[in-house]
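These notes are about the structure you will find just below.
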Amino acid sequence: MVGVVAGMFAFCFALVPLYNVFCQVTGLNGKTNGESQPMETKIDKSRTITVELLSTLNKSLPEQSGEFSTKIKKFTIHPGEYITTSYWVKNLTNDPMVVQAIPSVTPGLAARHVKKVECFCFQHQPLASLEGKEMPLVFTVSHELPASIKTVTLAYTLFDVTQNQGGS
C-alpha cells in the first residue's frame, strides 16, 4: 500500500511538468514559450489578421486592489508586422505588491505563431503603494499562421505573487 501511495504521489508531482511539455510540443492550451523571439522580417501584405488583447485580474487580485487594462483592445495587422502597445497596471492598495501576468493565446494552435520581442509577462512587476505604470508589449503574428485563422486573441491574467517574493 505504501508503494502504491508513493507511486500516486510521484505521478501527481510529475503531471505539471508533463503537461507543460505536452503543451509546448503540441501548441495546445495557448501557451507561448515565455521568451523573447528574434525579429521576423517577412510581412504577408496579402492578408490581414485581427488581434484582440484582453486583460483579467486573477482572484488573488480583487478588483478593489488593482487596475489592469490594455490601451488598445483590437488591431488589424498583416502577418509578420510588428505591433508595439502597452498595458496599464495600478496598485490601489496601501501596501507594495509584486504582480505577474500569465499569457494565453486563442485559438491554441496560433500560440506557436505569436512571437513576443518584449513583454511585461517575462518578469515580475513590483508596484509601490498606489503606483501605476505602463507595461510594454511588442509582438508579431508569424506569416506562417494558417490562413484559416483570421482572429488571434492574446489574453493576460494578472496574479499577485507578492508572497512568493518574500514580501508582505
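Kindly list the number of the only condition in (1) under 19 Å from the mean Cα position of the chain (by Cα); (2) charged (D, E, K, R); (3) farther than 30 Å from Leu127 by Cβ; (4) assigned to a loop (DSSP other than H, G, I, E, B) that fails for Arg112. Status for Arg112: all satisfied but (4).
Every residue in the range 134-148 that is crowded, with 16+ Cβ neighbours inside 10 Å, in contact with a helix residue (DSSP H, G or I) (Cβ under 7 Å, 6 or more places away or on another chain) and not in a strand (DSSP E or B), please.
Ser142, Leu145
For Leu158, state whether it is within 11 Å of the chain's Cα centre (by Cα) and crowded, with 17+ Cβ neighbours inside 10 Å. Judged against the criteria, Leu158 is a match. Can you confirm whether Val152 is under 14 Å from the mean Cα position of the chain (by Cα), at pLDDT 95 or above and among the hydrophobic types (A, V, I, L, M, F, W, C)? Criteria met by Val152. Filtered by the rule that a residue be within 13 Å of the chain's Cα centre (by Cα) and either under 20 Å from Ser65 (Cβ atoms) or crowded, with 17+ Cβ neighbours inside 10 Å (or both), the range 118-133 gives Cys119, Phe120, Cys121, His124.
Going through (1) assigned to a strand (DSSP E or B); (2) free of Cβ contacts under 8 Å to residues at least 24 places away in the same chain; (3) of a type in the set (Val, Ile, Thr) one by one, Ile72 falls short only on (1).
The values are calculated or read from the model by the stated rules, or taken from the named source; none is laboratory data. Quick caveat: nothing in here was measured; it's all calculated off a predicted structure. Backbone-built Cβ (ideal geometry, glycine too); neighbour counts: all protein chains shown.
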